[in-house]
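Beneath this line is the structure, given in structure tokens, with notes to follow.
Any read-out appearing in this document is the output of simple, stated calculations on the displayed coordinates, not a laboratory observation. Worth saying up front: this structure is predicted, and the values here are computed from it rather than measured. No Cβ is skipped: glycine too gets one built from the backbone with ideal geometry, and neighbour counts run over all protein chains shown.
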Amino acid sequence: MERLRAWGFAVSEGKHARDRWGRFAGTDEDRLADLVEALNDPTVDVILCSRGGYGLQRIIDRVPKITKPIIGFSDITALHQLSGISDQASVHGIMCKHIATLPKESEAMVSLRKILAGESVEYTWDAHPLNVPGHACAPIVGGNLSVLCGLSGTPYGLSKMSYLFPILLIEDIGERHYHVDRMIRNLRMSGVLAHLSGLVVGQFTDCEDDPLMNASVYETIKEAVADYNYPILFNAPIGHVEHNVPLLLNHHATIDSGAHCTLLTHGFDVDIAD
């Protein structure tokens, strides 16, 4: 809160943000009440989630239309999906822990401040051997692969998004190699992977390669999209890592895969029709 105030924001805190109820920050009803109150409060411009963890799929079907940007990642992917269905851009990015502890000059902190100011931000990282070269400009959707698959077949799944040929972002943590294979195949069989403009593969933290799968985790993902002709950028600095750069979801992005990887997240003021 101190850092956000130093950026010029007035900061309020949800009534139940510090509650504990088992593994949850309060009961389902209390967490839902905090979110609904923030959505309905005309003085609130942006909603910053305290953390991810697990719990949104217990209440997502009771969350009203998203009408303002939400910041977060991991389990917050459920809210990003609802934001997209609500035609609202949202921020896939660091939450309270990292805002409080990262160096002020770190890329994630500087970029978050720029995004909240409506500026575009460009990220560049080294090309990965599995990349598929190409260029795409389209709305970017997605987030945590496990959460996305948990929403498959519901009104909040990727197949319910209204965007034609979006760019898809995926990342995850702590999943077995064959779980990743099962989930990426789910997206393939549901037709999601066939209708993309591009794929950005972030960090798969603590997802160890299983030699019995005859491939690395990244290679397993590449196999699932081998039939499609669009750019693929591996090893994006996005996910459950300290260097987790923010970007706007459900909003236009530009990706390039060549000698280097480039991801440009356009500012809030960009007309998505362009």
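Only the Cβ atoms of Lys and Arg (+1) and of Asp and Glu (-1) were treated as charged; on that basis the dipole of the chain about its Cα centre amounts to roughly 560 debye.
Distances between placed amide hydrogens fall under 5 Å for His251 paired with Ile140, all partners being 5 or more residues away or on another chain. Across the alpha-carbon set of region 133-269, the Rg to Rh ratio works out to 0.93, Rh being the Kirkwood radius. Listed by Cβ neighbour count within 10 Å, with the fewest neighbours leading, Thr254, Thr77 appear as Thr254, Thr77.
State the label only: which of [x] 17.9, 54; [y] 20.6, 62; [z] 18.4, 63 corresponds to Rg and Dmax of the Cα atoms in Å computed from the shown model? Computed from the coordinates, Rg and Dmax of the Cα atoms in Å corresponds to [x]. So how far, in whole Å, is the C-alpha centre of region 89-127 from the one of region 11-38? If you average the Cα positions of each part, the centres end up 25 Å apart. Compared with the alpha-carbon gap, the fully stretched path from Leu39 to Arg176 is longer by 45.7 nm at 0.36 nm per residue. With R₀ set to 25 Å, the beta-carbon distance separating Glu105 from Phe9 gives a calculated FRET efficiency near 0.85.
Here's how it looks for Asn235: its modeled amide H is under 5 Å from those of Val201, which are all 5 or more places away or on a different chain. Remark: for residue pairs Lys68/Lys160; Lys97/Lys160; Lys15/Lys65; Lys65/Lys97; Lys114/Lys222, the C-alpha separation exceeds 23 Å in Lys97/Lys160; Lys65/Lys97; Lys114/Lys222. Placing dummy labels 7 Å off each Cα toward the beta-carbon, the span from Glu2 to Glu208 is 3.9 nm. For region 27-185, a crude dipole built from +1 on the beta carbon of Lys and Arg and -1 on the beta carbon of Asp and Glu, taken about the Cα centre, is about 220 debye to the nearest 20. Please grab the % of Cα pairs in region 1-94 that end up more than 16 Å from each other. Cα-Cα pairs in region 1-94 separated by more than 16 Å: 54 percent. Taking the dipole about the Cα centre of the chain, with the C-beta of Lys and Arg at +1 and of Asp and Glu at -1, give me whichever of Leu32, Met95, Pro139 is farthest to the positive side. Of Leu32, Met95, Pro139, it is Leu32. Note on the chain: GNM, Cα springs under 10 Å; of Gly142, Gly239, Gly26, the largest mean-square fluctuation is that of Gly26.
In a simple Cβ point-charge model (Lys, Arg +1; Asp, Glu -1; nothing else charged), region 101-204 has a dipole of about 380 debye relative to its Cα centre.
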